[in-house]
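None of the figures in this text is laboratory data; all of them are computed from the coordinates on show. The shown structure was predicted, so the numbers you read here are calculated from the model rather than taken from an experiment. Please note: Cβ atoms are built from the backbone with ideal geometry, for glycine as well, and neighbour counts cover all protein chains shown.
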Amino acid sequence: MATLMRAVRFHKIGDVNNLAVDLIPLPKRQPNELLIKIDASAVNPSDYKNVEGLFPFTTTPRVPGRDYCGTVVEGPPEWMGKVVVGTGGKNGFIEDGSHAEYITAQSDAVSLKPTNLSVAEAASIGIGFLTAYVALVNSANVQEGENILVLGSRGAVGQAAIQITRFMKARPIGLVSKNPPKDQADVVDTSVDDVKQKVLALTNGVGADVIIDTVGNQELFEKAIGALRVRGRYVTMSVQGNLTRTINALDFYRRELRLIGLNTLNYSKQEAAAILDVLRPGFESGILMAPSIGMEYPLESCVDAYNAVKRGSSKIVLVP
């Protein structure tokens, strides 16, 4: 096997144009690790934000990338040839990530690829479905039959949250800013609807049990929190614009609301793999669907791929 590999790297933080393909040493596998030949790796918004400097703990030079699907080429005999998916942890931040030809991982830090997904589709499920699952299960403790309002239901995390909510036999209500999707019966369109009144109408006057906020907008936060029922849970994982959020403290305590922050960087690769294991039957049964792949780019077109994600394109995947 070759001793060098091609990898996307940035030596300086600040601009995606700093990305370039370097020839670097193949990662050295430790005795308890797998060497994985990457078949496809997704580019997420957090990847370009990382290169631009929004994560102050990132060290350089660094190979970015959090999500991948690949084939085990070195490791214990029972793992050889297995096609696996991985995500989570500090990949791309303080450890080299997945936008390369190879990566190493401990065997409990990967999950077997769902059999019905292509490698590009499998590479694209990581962060979106990890974040949505953690928000719904670990943070909000969603129960069967509850009403879940998803802010930003068209985004990768939002779409995953809608699907996982159904998988958990709870009821999703999507929130969009215009042109509601035709395949969503329960939806709030902020361009025409009063958020609180529409949610109350959809829930027989009760309100949402849980809000999953993938948007992080102050104005929307103020509108949406009023749609929570008594003892409702509000999970937020993003911030746009003003970093301060204002609440009516009297209303907040009288309704016994819960405000919960979520940062998937606090979840290890092992925890992420365990969650993908739980979700795999959902993909293989067709209840859960991978994001639609917008474009596949070679590593050498990494700058174009990152800029496409910045523009809000459909799921972008790098193929070594």
Given R₀ = 30 Å, FRET efficiency for Gln106-Met1 by Cβ-Cβ distance, to 0.05? 0.90
Under the rule a/c < 1.5 gives rounded, and otherwise a/b versus b/c splits prolate from oblate, where does the range 128-264 land using the Cα gyration tensor? rounded
Just to confirm a number: summing +1 for Lys and Arg and -1 for Asp and Glu over residues other than Asp22 whose beta-carbon lies under 14 angstrom from that of Asp22, what do you get? +1
Per-residue ellipticity at 222 nm for the chain, helices alone: DSSP H runs ≥ 4 residues times -39500 (n - 2.57), over residue total, nearest 500 deg cm²/dmol? -7000 deg cm²/dmol
Over the chain: Kirkwood hydrodynamic radius from C-alpha pairwise inverse distances, Å: 20.3
5 angstrom amide H check on Gly294, placed H, neighbours 5+ away: Lys315, Ile316
Taking Cα centroids, how far is the range 37-86 from the range 235-256 in Å? 34
What full-extension length gain, to one decimal in nm, is calculated for Asp194 and Asn263 as 0.36 nm per residue of separation minus the Cα-Cα distance? 21.9 nm
Can you check what the net charge comes to around Gly92, using other residues whose Cβ is under 10 Å from the Cβ of Gly92 (Lys, Arg +1; Asp, Glu -1)? -1
Taking H as built 1.01 Å from N, whose amide H comes closer than 5 Å to the amide H of Leu288, not counting residues under 5 places away? Phe283
Label-to-label distance, nm, for residues given as Asp251 and Glu78 (7 Å Cα→Cβ offset): 5.5
Environment charge at Val319 (Cβ cut-off 15 Å; Lys +1, Arg +1, Asp -1, Glu -1): -4
Could you give the size of the charge dipole of the chain about its Cα centre, using +1 on the Cβ of each K and R and -1 on the Cβ of each D and E, expressed in debye and rounded to the nearest 20? 520
Sticking with the crude label model, points 7 Å out along Cα→Cβ, report the distance from Arg311 to Lys49 in nm, one decimal please. 2.1
Does anyone have the angle between helix 269-285 and the longest principal axis of the chain? Alpha-carbon axes, 0 to 90°, nearest 10? 70
Specify whether the C-alpha gyration tensor of the range 26-168 places it in the rounded, prolate or oblate class, a ≥ b ≥ c being the square roots of the eigenvalues: rounded for a/c under 1.5, otherwise prolate if a/b is larger than b/c and oblate if not. oblate
Rank-order 89-98, 222-231, 148-157 by packing density, defined as the average count of other C-beta atoms within 10 Å over each peptide's residues, highest first. 148-157, 89-98, 222-231
Check the straight Cα-Cα distances from Lys178 and name the lysines below 20 Å, setting aside those fewer than 8 residues away within the same chain. Lys196, Lys198, Lys223
In whole Hz, the Karplus estimates of ³J(HN,Hα) for the range 237-253 (6.51, -1.76, 1.60; θ = phi - 60°; x where Gly or Pro) are 9, 8, 9, 10, x, 4, 7, 8, 10, 9, 10, 7, 4, 5, 5, 4, 7
Cross-link table Lys269/Lys315; Lys169/Lys315; Lys37/Lys113; Lys82/Lys269; Lys37/Lys269, entries beyond 24 Å C-alpha to C-alpha: Lys169/Lys315
